[in-house]
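In what follows, a single structure is set out as structure tokens and then discussed.
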């Protein structure tokens, strides 16, 4: 295994494995928001912005992993 | 392929000017033009374009007041957060215009001929996002300092005052105060983490969007890239909202007078 192939493997595994956590997190946030809207349909306008905010935070962790992948692939 | 660092186009007296800087200047010029137009034609009964600008500012102010809860402070924090929001929004969306990323100069690098694009969205450059993140957190600290005074500000991080105050409550309270002292020291590290996360979130989203669009344009053409461009529009708006909202929340929490310790 030379350095080039390990680099490719590393960058692929980094983003693939760390994509699972945020995906589950975003799904949970969405499901709770759906539940809230189901109980109280008038609150859907109020729920939208906090839900998007929460999703952006959860997604940010995946973005950190993406940055590491890009560093491994393009800089190292 | 697109490179992580912004490419230098030319240098002025040894200072490299990158393509994302050129786009940042374009964004600044847009804002200057809009600002000068609004100021010259401001009146109590706005019509047309001024009405639109008025609507945007009122919507943002209502949103800010909803987050902060306190009208007075919301107006104090509003200029910085709204400017950050609008500037990041325009910077993100500039990356979708035709010509950004594709108009460039062919250069020799090593042995191969690559295209150095002349324009690139400013927020896809890590320098820019780190700069505004440092600025936003710095302003949050400045607002905290100005609002609650130097002693209260320092005792949030280095909580010696809490230790002295707890002596009269008995030994249990002293131990709690010591633990809170260590927590306060950890808060300092968390401040740096906030700067890092603000900048990396914005950079990662917009840069990944650029790479995605470059790959899609390379693979397909005509109407097929359309959903991806919509995705980038949405992501640009969401990331600008997140950045501005977070800055607002940090400013609010910094200027809250001594938060209630868990009693």
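Overview of values
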{"quantity": "Over segment A:3-75 - Rg/Rh using Cα atoms and the Kirkwood inverse-distance radius", "calculated": "1.21"}
{"quantity": "Alpha-carbon centroid distance for the pair segment B:125-159 / segment B:3-57, whole angstrom", "calculated": "26 Å"}
{"quantity": "Contact order relative to length of chain A, as percent, for alpha carbon pairs under 8 angstrom and 6 or more apart", "calculated": "53 percent"}
{"quantity": "Fewest-first sequence of B:49, B:15 by Cβ atoms within 10 Å of each Cβ", "calculated": "B:15, B:49"}
{"quantity": "Ellipsoid semi-axes in whole angstrom, largest first, where each is sqrt(5λ) of the Cα gyration tensor of chain B", "calculated": "42, 25, 17"}
{"quantity": "Cα-based helix-to-principal-axis angle, B:19-40 vs chain B, degrees rounded to 10", "calculated": "80 degrees"}
{"quantity": "For segment B:169-243 versus segment A:10-59, the gap between their alpha-carbon centres in whole angstrom", "calculated": "14 Å"}
{"quantity": "Degrees between helix B:71-94 axis and first principal axis of chain B (Cα, 0 to 90, nearest 10)", "calculated": "30 degrees"}
{"quantity": "Sum of -39500 (n - 2.57) over DSSP H runs of 4+, divided by residues of chain B (222 nm, nearest 500)", "calculated": "-25000 deg cm²/dmol"}
{"quantity": "Helix B:171-219 axis, angle to chain B major axis (alpha carbon atoms, nearest 10°)", "calculated": "10 degrees"}
{"quantity": "Percentage relative contact order, chain B, counting C-alpha pairs under 8 Å, at least six apart", "calculated": "25 percent"}
{"quantity": "Percent RCO, i.e. relative contact order, over segment B:139-242, from Cα pairs under 8 Å lying at least 6 residues apart", "calculated": "19 percent"}
{"quantity": "Segment B:132-263: projected area of the alpha-carbon convex hull, averaged over directions, in nm²", "calculated": "10.0 nm²"}
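Bear in mind that the values in this text are calculations on the coordinates, not laboratory data. Predicted model, so just to flag it, every value in this text is computed and none were measured. Glycine gets a Cβ as well: all are built from the backbone with ideal geometry, and neighbour counts include every protein chain shown.
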